[in-house]
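Let me begin by presenting the structure, written as structure tokens, before commenting on it.
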2 protein chains.
Amino acid sequence: MTASSPGLHGSVLDALGMRLVTDDLAPGRVLTLEAIAREYAVSRPVAREAIRVLQSMGMVASRRRVGVTVLPRSDWHVFDPLLIRWRLDSPERSAQLLSLSELRRGFEPVAASLAAERATAEQCSVLAAAASDMLVHGRAGDLEAYLDADVVFHRTLLAAAGNEMLRSMAGVVAEILAGRTHHGLMPSRPNPRAIELHDAVARAVREGDCAAAEAAMREIIDEAASAMRVELGE
Amino acid sequence: MTASSPGLHGSVLDALGMRLVTDDLAPGRVLTLEAIAREYAVSRPVAREAIRVLQSMGMVASRRRVGVTVLPRSDWHVFDPLLIRWRLDSPERSAQLLSLSELRRGFEPVAASLAAERATAEQCSVLAAAASDMLVHGRAGDLEAYLDADVVFHRTLLAAAGNEMLRSMAGVVAEILAGRTHHGLMPSRPNPRAIELHDAVARAVREGDCAAAEAAMREIIDEAASAMRVELGE
DNA sequence: CCCTTGCAAAGATCAGATCATTTGCGGCAG
DNA sequence: CTGCCGCAAATGATCTGATCTTTGCAAGGG
């Protein structure tokens with residue numbers, strides 16, 4: 001997902017962001033801009049600019065005579081790609097992936113349904129080709145290439161939904177899929193049923209069958225959840 | 001939803017944000033910090049800080065020797081509460097509400113299902129009370145009080161899901177509900193069926209019946225969509 | 001035409017200063 | 001003792017001037 005700015009601004013922002021996410025800077029903690037500038041050996045504007053961004057993310061609040069107070073997590077803008085990034089890079093990676101997975105259970109079937117109404121001919125082609133690639137690479141046990149095809153499939157589907165908010169979830173899905181593949185939560189050979197279901201989604205989309213697309217997508221997600229439970233030895 | 005900072009920073013940020021959203025500053029357009037500072041009659045750091053926030057929202061990119069370029073909308077972080085706010089306050093209010101409604105179709109049934117697993121006793125009480133309030137105020141035709149109870153219901157349900165991302169959607173739902181009430185898209189007396197369905201969700205949640213909660217929530221949303229189509233004369 | 005070099009434009013950062021707001025403390029009055 | 005008011009100090013908000021860094025563009029040469 002997102003990376004932040006190069007330069008001092010970006011590094012101070014990332015450093016503070018990570019400390020917030022790891023509770024090194026716990027809610028209620030008060031810093032001053034002066035102290036931040038000193039600690040990171042940067043000038044005050046650099047500290048200010050980083051704090052401005054964190055403020056816009058609901059993570060801190062600035063008050064005169066008080067300083068910069070860390071806000072409760074319930075105020076944080078949890079959809080911010082920077083925050084998602086920091087959480088994924090922190091000890092709470094699993095928790096973030098779980099949250100994202102639960103969220104995905106909601107939005108992706110709806111995206112499939114909307115895609116069945118709105119997909120372009122080209123998008124239908126890309127979906128069909130990606131499903132085919134998944135079959136080929138799944139058979140060959142090439143998990144990395146399977147992942148690539150899987151990501152292309154979902155990104156295209158989310159774009160085909162014609163809703164910019166759903167489309168922007170492509171990064172989330174990519175993280176979930178990559179997380180599964182890269183943390184040994186993926187069977188050595190993907191379940192053929194999963195591949196069939198992807199194909200079923202692609203078919204339903206090009207046939208304009210909303211209900212079928214949605215149902216198949218739901219099954220894909222349920223299958224992935226079961227497969228992950230198996231890999232976790234539950 | 002969110003309001004931005006007081007002071008010059010907040011006003012410059014809002015002004016620029018609105019101009020971006022309304023395409024007054026169209027993608028590809030290039031500004032300089034110098035020009036922004038001059039135009040808004042503020043010092044350079046104020047302009048810089050506003051641009052920093054817009055940058056972190058994916059709306060602009062700064063390059064030396066070029067200036068500040070407006071990025072394509074596909075780069076914008078569409079879940080940012082500030083951006084949602086600006087869009088809702090702009091001529092594209094309807095489009096934003098539609099996007100949010102489509103999104104809601106995805107996440108709220110999942111929230112209901114998770115709430116059935118995770119709700120506290122107190123949350124169950126609040127849900128029951130809110131559903132009761134909706135009945136009372138709906139009967140009396142007091143749409144404003146009905147809206148309040150409706151918002152409390154959904155906010156509580158989203159919190160009961162125990163997923164911080166779903167919980168943060170409470171603002172979205174409130175906007176959708178308020179948008180309906182305040183733009184004459186709400187029948188003068190709410191459909192008793194809608195109220196029954198809210199009660200069904202509340203019941204399913206306290207009984208821990210995930211599937212029933214999810215199904216009833218789905219019906220609530222579908223009913224709301226039909227009701228809105230009726231009001232729009234479709 | 002392509003590559004290299006140099007210059008200038010504009011962001012990034014630093015430093016110093018002033019202004020504005022708010023909080024905390026002390027003193028006074030009831 | 002408690003509450004209210006005033007003042008000073010703390011810290012963010014903003015301004016101004018300067019320097020550093022990066023990079024885009026133009027010109028020249030092969």
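Just a few scattered comments:
- Volume per residue that the Cα convex hull of the stretch B:105-165 spans, once the total is divided by residue count, Å³: 79
- For the protein assembly as shown, with +1 on Lys and Arg beta carbons and -1 on Asp and Glu, the positive-most of A:ALA178, B:ALA215, A:ALA200 along the dipole: A:ALA178
- Relative to the dominant Cα principal axis of chain A, helix A:44-56 is inclined by about 50°.
- Cα-based helix-to-principal-axis angle, B:7-21 vs chain B, degrees rounded to 10: 80
- Inter-chain Cβ neighbour average for residues B:50-62, partner chain, 10 Å: 4
- Projected onto its three principal axes, the C-alpha set of the protein assembly as shown covers 66, 56, 42 Å, listed from the longest axis down.
- The stretch A:7-75 - percent relative contact order, Cα under 8 Å, separation 6 or more: 38
- Taking chain B as a Gaussian network of alpha-carbon nodes connected by springs under 10 Å, the highest mean-square fluctuation of the residues B:VAL66, B:VAL12, B:VAL205 belongs to B:VAL66.
- Using alpha carbons only, the radius of gyration of chain A set against its Kirkwood radius gives Rg/Rh = 1.08.
- The stretch A:143-234, relative contact order in percent, only Cα pairs under 8 angstrom and at least six apart counted: 25
- Computed log₁₀ I(q)/I(0) - Debye formula, equal Cα scatterers, no solvent, the stretch B:1-131, q 0.17 Å⁻¹: -0.89
- Of A:THR22, A:VAL126, A:VAL136, farthest towards positive along the dipole that unit charges on Lys, Arg, Asp, Glu beta carbons give the stretch A:21-156: A:THR22
- Size descriptors for the stretch B:74-196, from the alpha-carbon set: Rg then Dmax equal 15.0, 47 Å.
- Chain A - percent relative contact order, Cα under 8 Å, separation 6 or more: 19
- Pairwise Cα inverse-distance average, inverted: Kirkwood Rh of the stretch A:7-75 (Å): 11.7
- Cα pair distances in the stretch A:179-234, grouped into 5 Å bins until the bin that holds the longest one, percent each: 4, 21, 26, 19, 14, 10, 6, 1
- Under DSSP loop assignment and at most 13 Cβ neighbours within 10 Å, longest trypsin sites (Lys or Arg not before Pro)-free interval of chain A: A:66-234
- Against chain B, whose longest principal axis comes from its Cα atoms, helix B:121-140 is set at around 80 degrees.
- Debye-formula intensities of the stretch A:129-234, expressed as log10 I(q)/I(0) at q = 0.18, 0.19 Å⁻¹, are -0.87, -0.97 (one equal scatterer per alpha-carbon, no solvent).
- Percent of beta bridges antiparallel (DSSP, the protein assembly as shown, rounded to nearest 5): 100
- Position A:SER132, label points 7 Å along Cα→Cβ, spacing to each other copy in nm (shortest first, one decimal): 6.2
- About its Cα centre, the stretch A:1-160 has a charge dipole of approximately 940 debye under the convention of +1 per Lys or Arg Cβ and -1 per Asp or Glu Cβ, with nothing else charged.
- Shown for B:ALA26: label points 7 Å from Cα along the beta-carbon vector, and their distances to the equivalent points in the other copies, 5.3 nm in ascending order.
Every read-out reported here was derived from the displayed coordinates using simple, explicitly stated rules and does not represent laboratory data. None of these values were measured; they are calculated from a predicted model. So basically every Cβ, Gly included, is an ideal-geometry build from the backbone, and we count neighbours across all protein chains shown.
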